[in-house]
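Beneath this line is the structure, given in structure tokens, with notes to follow.
The values are calculated or read from the model by the stated rules, or taken from the named source; none is laboratory data. Keep in mind that what you see is a predicted model, and the values were worked out from it rather than measured. Ideal geometry is used to build each Cβ from the backbone, glycine not excepted, and the neighbour counts take in all protein chains shown. With ligands, DNA and RNA removed, areas are computed over all heavy atoms of the protein, side chains included. Shrake-Rupley method; radii C 1.70, N 1.55, O 1.52, S 1.80 Å.
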Amino acid sequence: MFPCWSLLLILQPTLAGVVDPTSLLEDFEVRISSLERRLRAVEQPVWHISGVEGGWDVCAEGPCKCRVETRSLSCWSMGLSDLPPTQLVPKNILKLDLSSNQLMAVSKDTFNGLDQLSYLDMNDNAIEHLPISLFFPLRNVTHLRLSQNILRELDRNQFIRMRNLEILDLSSNKLRALHGAMFSGNSLLVLLDLSTNRLTTLPSAGFRGLASLEELLLSRNQLSVLPTDSFVGLTSLRRLSLEENRLEELKPGLFLGLGKLTELNLRNNRLQVVPSNVLSPMEKLQLLELTSNGIAHISSTAFRGLSRLRELELGHNRLRKFARGVFQPCSGLERLVLHGNVFQTLEAGEFSGLVNLTSLFLHSNHLRLLHPACFRDVPKLRKLQLEDNHLSHLPKGVFDRFSELSQLRLSGNPWHCDCASSYLAGWLRKKYQQQQLRDNNTGAWDFGAGAVCRGPGNLGGKLLVKLSYRELCDNEWASMKGLAPRLPLELVEDYMDEV
């Protein structure tokens, strides 16, 4: 039984105002559970730490696996709900694995005396509360895994004495907030994983002091707003993962100081605009992932300074066209992904500046018309995907500059096979012959990159690459007359004879 004062403390935050009864009940249950686990941590048995010679021999008598050659103790996947009090732990242990059990709480004295420990794994348990002083003795731990637990909060001093910590994994918990500067004592931290939690924002300058941090993983949270100084001090950061959050905007100055960043992932957020110059400080950026947002506009100076960008992912957005010169700063870009947008036309100069582009993905758009010079600025293109659009013809000369193109996909378009298609048919046939002569492996060119005629008449269903000039142009008269449905020429002649 809890005393009345305990119940009042539990309910105090909710008594100030009217709340939903269901929410109140859930909050009450969470607080009761948290209090129970805190009490359980106080009552937890503590295993014996041995500093005497022969400790490793006695260690082997416990339920966990001891390995003296690596100075490691593994209690992995033993179904433990409590730490076994009969397990002796040698004081000079280097590696301790407690993962994949059912631990709900641990005593604050669990790791007392283990000052040589360098690796601690508590992944995949049911731990909700960590005593504040639990990790204080672990001054030499470099790797700490706390992922896949049910941690809802951390004390601001939880890791303050872990001066040698290099990798900290807090992913797949239920953390709702972080304290400002709570990692200030972990200046050697290289990787910090906070993905798959319930964070809604970040504290101002919350990662200050992490000058060695190279990877910061914040994906699959509920982040909607980021303070401008969120990443201040992360001068060594190379990878920033923010995918699957709720971000609606990128504030000016957000990425200042991230001059070494090479990978930024913003996939599956709610961005609608890529604003001017916000990405410019990341001059070493190589991969920018913006897939599955709601982006309808990209500023003409959005990519200024990104000369080292190699891959740009913009699939599944709402893009119709690009501002002139938007890719001019991206001379190093090799891969551009634009599938699943709403492009209807491609104009000349659309890809100006992309002189090193080798892969262009434009499938699953609404493309109907291509300007003959729309690809003139990408002479090194090797892979082009245009399938699943609304293309019925391609303009003469559109592929003339593609000396290195090795993969082209044209399926899923309503190709109208008349004289206007003779250029594409001849070009595909030439590629097929070149490939056959070079290595006797025709591959995709044997099937004409998937270009199948929608019509007219009996040409429907045939591969465009296998149609001769005469076959294509015999139906030209019918096409010019705009007959619908398109009729083969012999049927039209029969019809005229009867008239």
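Could you list, in sequence order, the residues of the range 407-430 that are in contact (Cβ under 8 Å) with a residue 60 or more places away in the chain and assigned to a loop (DSSP other than H, G, I, E, B)?
The one that is in contact (Cβ under 8 Å) with a residue 60 or more places away in the chain and assigned to a loop (DSSP other than H, G, I, E, B): D418.
How many residues are open to solvent by less than 50 Å² (accessible area, probe 1.4 Å) and not in a loop (DSSP other than H, G, I, E, B) when one looks only at the range 180-230?
Qualifying residue count, the range 180-230: 5.
Which pairs turn up if I take residues in the range 48-68 that are of a type in the set (K, R) and look for partners that are assigned to a strand (DSSP E or B) with beta carbon separation below 6 Å, at least 6 apart in sequence or on another chain?
K65/S74
Which condition number does G450 fail, the rest of (1) at positive phi; (2) modelled with pLDDT under 90 being met?
(2)
Tell me the residue from F322, F327, F303 that is in contact with an Asp or Glu (Cβ under 8 Å, 6 or more places away or on another chain), of a type in the set (F, W, Y), open to solvent by less than 60 Å² (accessible area, probe 1.4 Å) and on the phi < 0 side of the Ramachandran plot, please.
Testing whether each residue is in contact with an Asp or Glu (Cβ under 8 Å, 6 or more places away or on another chain), of a type in the set (F, W, Y), open to solvent by less than 60 Å² (accessible area, probe 1.4 Å) and on the phi < 0 side of the Ramachandran plot leaves just F322.
To keep it simple, each residue is scored yes or no on (1) touching a Leu at 6+ places or on another chain (Cβ under 6 Å); (2) under 23 Å from Q328 (Cα atoms).
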| site | (1), (2) |
| --- | --- |
| L360 | yes, yes |
| P379 | no, yes |
| L384 | yes, yes |
| Q436 | no, no |
| G450 | yes, no |
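Please tell me if R163 is assigned to a loop (DSSP other than H, G, I, E, B) and under 18 Å from the mean Cα position of the chain (by Cα).
no
For the condition in contact with an Asp or Glu (Cβ under 9 Å, 6 or more places away or on another chain) and either at pLDDT 95 or above or of a type in the set (D, E) (or both), what is the one hit in S204, S230, S147?
S147
Counting just the residues of the range 45-103 that are hydroxyl-bearing (S, T, Y) and assigned to a loop (DSSP other than H, G, I, E, B), which one comes out surrounded by the most Cβ atoms within 10 Å (Cβ to Cβ)?
Residue satisfying both the conditions and the ranking: S99.
One line per residue, one yes/no per condition, for (1) in contact with a Ser or Thr (Cβ under 6 Å, 6 or more places away or on another chain); (2) under 28 Å from G259 (Cβ atoms):
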{"site": "E289", "(1), (2)": "no, yes"}
{"site": "R304", "(1), (2)": "yes, yes"}
{"site": "R308", "(1), (2)": "no, yes"}
{"site": "H316", "(1), (2)": "yes, no"}
{"site": "R320", "(1), (2)": "no, no"}
{"site": "V342", "(1), (2)": "no, no"}
{"site": "L357", "(1), (2)": "no, yes"}
{"site": "N365", "(1), (2)": "no, no"}
{"site": "L370", "(1), (2)": "no, no"}
